[in-house]
Amino acid sequence: MTCIFCQIIERKIPSSIVYEDDTVLAFMDIQPVNPGHVLVIPKKHAESVAELDDETMGALNVVCKKVNQALRKSDLKVEGVNHFLADGEAAGQEVFHVHFHVFPRFANDGFGLKFKEDYANLPPRSELDAAAGKIKKNC
Ligand code: 5GP
Ligand code: ZN
């Protein structure tokens, strides 16, 4: 078995688990953006979001919410919380077992998203409508 997260589920490699049920496992990221960085994964191996059934996707999000609240109740430094998922290599996915990142944020923590240079120029409504139309028909 080569999937590192499946090995964590099967306790073949160590991890620091914060939550577990029949469907979902949540454990500490080995390379945290900030202290308290948790990964939330389905126990059944799936590479991408498209492979998940709605029940599993729902269960993952419920656990993300639990972790968010647990972080806020902890004495870790938490001024805000990011929920982040990279779906596909171009989106930054490095481990191909679906995972949500849930991690604390605070002012000047050094983490940030990088935007393209012309990001400040808002597109015309017609462009937004055209994109909406392409997505809507597949929803
Ligand atoms: P991605 O870039 O795919 O969204 O995120 C993969 C995450 O998995 C990274 O944040 C990385 O630090 C974490 N990671 C990679 N290998 C291991 C591991 O063996 N154990 C744990 N706990 N996290 C890992
Ligand atoms: Zn896996």
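The values are calculated or read from the model by the stated rules, or taken from the named source; none is laboratory data. Worth saying up front: this structure is predicted, and the values here are computed from it rather than measured. Heads up, the Cβs are rebuilt from the backbone with ideal geometry, glycines too, and the neighbour counts pull from every protein chain shown. Each accessible area value is taken on the protein alone, full model and side chains, heavy atoms only, with ligands, DNA and RNA left out. Shrake-Rupley method; radii C 1.70, N 1.55, O 1.52, S 1.80 Å.
Could you please give the count of residues in the stretch 2-20 that are within 14 Å of ligand 2 (Cβ to nearest atom), hydrophobic (A, V, I, L, M, F, W, C) and over 13 Å from Lys43 (Cβ atoms)? Of the residues in that region, 2 qualify. Determine whether Val98 is within 16 Å of ligand 1 (Cβ to nearest atom) and aliphatic (A, V, I, L, M). Criteria met by Val98. Applying the set (1) away from ligand 2 (no atom under 16 Å from the Cβ); (2) out of contact with any Phe, Trp or Tyr (no Cβ under 9 Å at 6 or more places or on another chain); (3) in a loop (DSSP other than H, G, I, E, B) to Ala86 leaves exactly one unmet item: (1). When restricted to residues that are within 16 Å of ligand 2 (Cβ to nearest atom), in contact (Cβ under 8 Å) with a residue 12 or more places away in the chain and part of a loop (DSSP other than H, G, I, E, B), the stretch 94-139 contains 5.
Residues of the stretch 1-59 that are of a type in the set (Gly, Ala, Ser), surrounded by 16 or more Cβ atoms within 10 Å (Cβ to Cβ), within 11 Å of ligand 1 (Cβ to nearest atom) and farther than 15 Å from Phe84 by Cα: Ser15 alone. Here Ala91 fulfils each of the conditions (1) farther than 30 Å from Thr23 by Cα; (2) open to solvent by less than 60 Å² (accessible area, probe 1.4 Å); (3) free of Cβ contacts under 8 Å to residues at least 24 places away in the same chain apart from (1).
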